[in-house]
1. Does residue 86 meet the test of being at positive phi, modelled with pLDDT of 95 or more and either under 13 Å from the mean Cα position of the chain (by Cα) or in a strand (DSSP E or B) (or both)?
2. If I go through the stretch 115-138 residue by residue, how many of them are exposed (fewer than 14 other Cβ atoms within 10 Å of the Cβ) and either within 18 Å of residue 70 (Cβ to Cβ) or modelled with pLDDT under 95 (or both)?
3. For the stretch 143-170, what are the residues that are in contact (Cβ under 8 Å) with a residue 60 or more places away in the chain and within 14 Å of residue 113 (Cα to Cα)?
4. What number goes with the only condition from (1) crowded, with 18+ Cβ neighbours inside 10 Å; (2) at positive phi that residue 76 does not pass?
5. Pick from the stretch 151-167 the residues that are in a loop (DSSP other than H, G, I, E, B) and modelled with pLDDT of 95 or more: which of them is surrounded by the most Cβ atoms within 10 Å (Cβ to Cβ)?
6. Given the criterion out of contact with any helix residue (DSSP H, G or I) (no Cβ under 6 Å at 6 or more places or on another chain), within 15 Å of residue 126 (Cβ to Cβ) and at pLDDT 90 or above, identify the matching residue among 112, 45, 68.
């Protein structure tokens, strides 16, 4: 029986293949070990969600009623003894030309961009607090805010209060989801 000669490049290919497999195996061990350690970390979701809401009562009677839609996104986590997170709310009103509105919500009435620094949970309700930069209604920097959110989908409620305005914004979720995991406090 004759033995076929092996070239040096075939041996190198085999060695490269073995090294790739060993590297891939090592990386997968690192990834799985990291996933396990992340799940046992002190980070815990307190509340999160997003969607479209309608402000109950719109702009109110002053100056004539106009409906207002908001786009909301938020999250809050507990990391050790600290609460961190973010809050975004863009309030849109319809442009009102003489003789009526178009029904298209294109006017930026208010934009709130905040950092969540505190949270309290009671059952399915989370109250998030922090400071925000606001444009439009209630404009200012480092304005204190409180956002109270009730767990649920369409029909869930939330209330936004900002220190630069006297009244709250009572909102009803029409699209999206608000989550307050059990025992999130």
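The values are calculated or read from the model by the stated rules, or taken from the named source; none is laboratory data. Note that the coordinates shown come from a computational prediction; the quantities given were computed from them, not determined experimentally. Positions of Cβ are backbone-derived with ideal geometry, glycine not excepted, and every protein chain shown enters the neighbour counts.
1. Taking the combined requirement at face value, the residue does not satisfy it.
2. Looking only at that region, the number is 0.
3. The answer is 147, 160.
4. Evaluating residue 76 over (1) crowded, with 18+ Cβ neighbours inside 10 Å; (2) at positive phi leaves (2) as the failure.
5. The selected residue is 156.
6. 45
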